[in-house]
Amino acid sequence: QVQLVESGGGLVQPGGSLRLSCAASGSIFNFYAMGWYRQVSGEQRELVARITTGSVTTYVDSVKGRFTISRDNAKTTVYLQMNSLKPEDTAVYYCKASRGFSVFWGQGTQVTVSS
């Protein structure tokens, strides 16, 4: 069992930055790929960024060059640094841990980009 707790969301002006954190319980964090997803009410949840156990990263095209995902295995935490934020980045952001058929989700944190 892996428990995930996101933090760092909030209200930011366009062009601003936020850093999301996802703290994972348990010593098996190192064996899980980690991802950040986002969801707007009434729409499907979409992958934003993903990082493998070997720290290989992938991003959705709309955030490339603006967002950076990273992981600190010693702290069992994954981060999403979000720069140059746009109103269309507004969503609830979720952290996901996955290993084969084993999948865990956090509770989500709201990010609102507005002037």
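Laid out as a table, the results:
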quantity: Residue pairs meeting the criteria (Cβ under 6 Å; at least 6 apart or on separate chains; first more than 12 Å from Gln3 (Cα to Cα), in the stretch 97-109; second at pLDDT below 95 and surrounded by 15 or more Cβ atoms within 10 Å (Cβ to Cβ)); calculated: Arg99/Tyr32
quantity: Hits in the stretch 86-99 - residues which are closer than 17 Å to Tyr37 by Cβ and either open to solvent by 10 Å² or more (accessible area, probe 1.4 Å) or of a type outside the set (Gly, Ala, Ser) (or both); calculated: Glu88, Asp89, Thr90, Val92, Tyr93, Tyr94, Cys95, Lys96, Ser98, Arg99
quantity: Test for Gln44: is it farther than 12 Å from Lys96 by Cβ and open to solvent by 50 Å² or more (accessible area, probe 1.4 Å); calculated: yes
quantity: Qualifying residue in the stretch 98-111 (condition: modelled with pLDDT under 95, farther than 21 Å from Val12 by Cα and touching a helix residue (DSSP H, G or I) at 6+ places or on another chain (Cβ under 8 Å)); calculated: yes
quantity: Where a residue in the stretch 82-93 is among the basic types (Lys, Arg) and its partner, wherever it lies, is open to solvent by 10 Å² or more (accessible area, probe 1.4 Å), with Cβ under 7 Å and at least six apart; calculated: Lys86/Pro14
quantity: Answer residue from the stretch 94-114, given it is of a type outside the set (Gly, Ala, Ser) and outside any strand (DSSP E or B) and is nearest to Arg45 (Cα to Cα) among those; calculated: Gln107
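The values are calculated or read from the model by the stated rules, or taken from the named source; none is laboratory data. Note that the coordinates shown come from a computational prediction; the quantities given were computed from them, not determined experimentally. Using ideal geometry, Cβ is built from the backbone for each residue, glycine included, and neighbour counts are taken over all protein chains shown. Just the protein is used for accessible areas: all its heavy atoms, side chains included, with ligands, DNA and RNA removed. Shrake-Rupley method; radii C 1.70, N 1.55, O 1.52, S 1.80 Å.
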